[in-house]
Amino acid sequence: MIIINPLNIASSEASIRSMGLIIKSDAIFNESLTTRLYLCYFNNDIIISENVSELVDKIDAEIDRDAAEFYIRYGFIFPPFTLYKNIFLMSAYTGFSLSKPLETCTILPEKPLPAEESRNYSANVQDDLITSLEKNSGKYNVLFSAGVDSSVLLGMAIQLDKAENAINCFMSSMPEESHKAKKMCELKEIPIQTISVRHDLENQANEFLNITSEPISDKIALVIPTIINDLNLDKSLFILDGQGADSLFSGLPHDKLYNLYHKKLVRLIARPFSILPIWENKKTRAGRLLYRITKVLKCLSSTSDEELLAHSLVEESDKKISSNNKILQQFYSEINILKKELKDFHLVIRYIFMFRILPAREMQKYILSQQQGYQFKLPFLETDFIKRHFYISSNQSIIDNIYKYPMTKLAKHYWPGFFKDSKTSPFQVDFNTGSLGIKELSLNHISIKTKSPL
């Protein structure tokens, strides 16, 4: 924890640098996606900590009703907001004012020198990934779903003689994913460990909530530490993961949805069906298909790009949210700023997912394992890698209707015959957290711990 006096920044410069923070004009900000930091304004000081629990105890924090409302509907809380009043997540490229408490600004990554655009952009990505993997002297345990991104990383690690094991999570509803992963590893003669997740993860959920004091926003936050603990992996080896590639190279379903939305005929055809309720039961293949179809139909009834993105993020469609909700207003406000600055809505999607949604949601999956001493290698989230590739235009990331084109091209290079398109392996592991769902358990646990009623 560091305490900063905004009127005497010089006295705190060493501490600020030690946490990897940057001061620019009147703003302090974090540009790292792998550093999890929280900020609060308290007694005219700025306090920054790696653990929100530390800040909750220091300022006797209360739950923010707007944040709880947003969390129930969307499943995460849009940064810089957290579940608590006056505590903020320092998600990458959010500037916090040093002189005006509670005022924030949107910062863009630095632009690299202009490069010639070509269909061989994947070669640049390949070179940078190899450079990143070679920075670590030892081998890697590779989280391997048999999707495009993990396949590229595994292929590179094998080529560099840096692959110790492939680690695959068996999904009972999609066994073909594990069969494919096993076949790929047998082809390259690399060991693979496939593991099933036990059905009840209530203990893991309570451990997460006790350690973090933040609501669980991603189911995989409980699955990854369970897998790693059950395998008892060597802590001296980094665990290699492809987190972030979908967001960085236009491989999200939201990128495809945006392009579909801008086909007028598709919207006209879809409009009459948008009244259908979103299918909720996703435990079967048919259920997941019905969910996707009804969700897409609902999204295609949107009246703007930003509304389309908001609709696509909804998890609980029957849970309403006030239009005056300050977090929802922040979401729309930031998208409008980014539309003016970036000029390409695929870049807006990229920014929102990389620097807002991913820090609040996907990065939770590493917390428990890091607490137990495991180390992760996340090449797509390294600051230098992001700066080099964030501004890749959608003309290069989406080619011939192939999304995440640079990564798909590399996957075909390392694994000929296994990849016809840019499909990303879905994550579908069914488990429970006792008698309560994840959201209800999270809010109840934190409400009791902080003595802050909802």
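The values are calculated or read from the model by the stated rules, or taken from the named source; none is laboratory data. This structure is a prediction, so every number in the text was calculated from the model and none was measured. Positions of Cβ are backbone-derived with ideal geometry, glycine not excepted, and every protein chain shown enters the neighbour counts. Side chains included, ligands, DNA and RNA excluded: accessible areas come from the protein's heavy atoms. Shrake-Rupley method; radii C 1.70, N 1.55, O 1.52, S 1.80 Å.
Descriptive notes on the structure:
- Sites matching chymotrypsin sites (Phe, Trp or Tyr not before Pro) across region 358-448 that sit in DSSP coil, with at most 10 neighbouring C-beta atoms within 10 Å: none
- Spatially proximal lysines relative to Lys326 (Cα-Cα < 19 Å; intrachain offsets below 8 disregarded): Lys85, Lys100
- Cα-Cα pairs of region 350-454 separated by more than 23 Å (percent): 53 percent
- The Cα center of region 386-415 and the Cα center of region 12-53 differ in position by 33 Å.
- Residues of type lysines that Lys235 reaches as a straight line, Cα spacing below 29 Å, ignoring anything fewer than 8 places off in the same chain: Lys135, Lys139, Lys162, Lys180, Lys182, Lys183, Lys188, Lys219, Lys365, Lys377
- Once the trypsin sites (Lys or Arg not before Pro) in DSSP loops with at most 15 neighbouring Cβ atoms within 10 Å are cut out of the chain, the longest remaining piece is 1-118.
- Selection of chymotrypsin sites (Phe, Trp or Tyr not before Pro), region 137-204, meeting DSSP coil and at most 15 other Cβ within 10 Å: none
- Phi-based couplings in Hz for region 194-202 (Karplus 6.51, -1.76, 1.60; Gly and Pro marked x): 9, 9, 9, 8, 5, 6, 9, 10, 4
- Rounded to the nearest 10 Å², the accessible area of His199 at probe 1.4 Å: 110 Å²
- Note on region 18-148: Rg/Rh from Cα positions, Kirkwood definition for Rh, rounded to two decimals, is 1.07.
- Dimensions in Å of region 84-163 - Rg and Dmax from alpha carbons: 19.2, 52
- Under a 5 Å amide H cut-off, with hydrogens placed 1.01 Å from N, Phe81 pairs with Leu89 among residues at least 5 apart or on other chains.
- Accessible surface of region 85-161, 1.4 Å probe, proportion on carbon and sulfur as whole %: 48 percent
- Antiparallel content of DSSP bridges confined to the chain, in %, to 5: 60 percent
- ³J(HN,Hα), Karplus 6.51/-1.76/1.60, whole Hz, each residue of region 317-329, x for Gly, Pro: 5, 7, 9, 7, 9, 5, 5, 8, 4, 5, 6, 5, 5
- Computed over the chain: relative contact order in percent, which uses C-alpha pairs under 8 Å that are six or more apart: 24 percent
- Solvent exposure of the chain amounts to 45 Å² per residue of accessible area, where only protein heavy atoms count and the probe is 1.4 Å.
- Karplus (6.51, -1.76, 1.60) ³J(HN,Hα), θ = phi - 60°, over region 250-264, in Hz, Gly and Pro reported as x: 6, x, 7, x, 5, 5, 5, 5, 4, 5, 5, 4, 8, 9, 4
- For region 141-203, applying the loop criterion from DSSP together with a ceiling of 15 other beta carbons within 10 Å to the GluC sites (Glu not before Pro) yields Glu189.
- Semi-axis lengths, Å, region 116-267, gyration tensor of Cα atoms, sqrt of 5 times eigenvalues: 27, 25, 17
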